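Let me begin by presenting the structure, written as structure tokens, before commenting on it.
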Amino acid sequence: MPVANQISNKVVISQPMYFPWIGILEQIRLADVFVFYDDVQFTKGFFNRVQIKTINGIRWMTIPLR
């Protein structure tokens, strides 16, 4: 049952990425609070690499991490 005076906030929590997903901009726009959550165990994947289109086709660009 909804409460008449209840306040609802939208929070978006995301790990920073080298090239962010374009949809994150819409999430930031709609959020009341946005948090970069950068204190988590890192797994390699789209957080340190991204596909880019070149004249020779799709290539992977990877940022080396320690």
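The values are calculated or read from the model by the stated rules, or taken from the named source; none is laboratory data. Owing to the predicted nature of the structure, the values given are computational and were not obtained by experimental measurement. Quick reminder, even Gly has a Cβ in these numbers, built from the backbone with ideal geometry, and neighbours come from all protein chains shown.
Scan the range 1-41 residue by residue and report those that are among the β-branched types (Val, Ile, Thr) and at pLDDT below 80.
Matches in the range 1-41: Val3, Ile7, Val40.
Can you tell me how many residues within the range 53-64 are surrounded by 10 or more Cβ atoms within 10 Å (Cβ to Cβ) and modelled with pLDDT under 90?
At the first step, the residues of the range 53-64 found to be surrounded by 10 or more Cβ atoms within 10 Å (Cβ to Cβ) are 59, 61-63.
Checking which are modelled with pLDDT under 90 leaves us with 61-63.
Here the count works out to 3.
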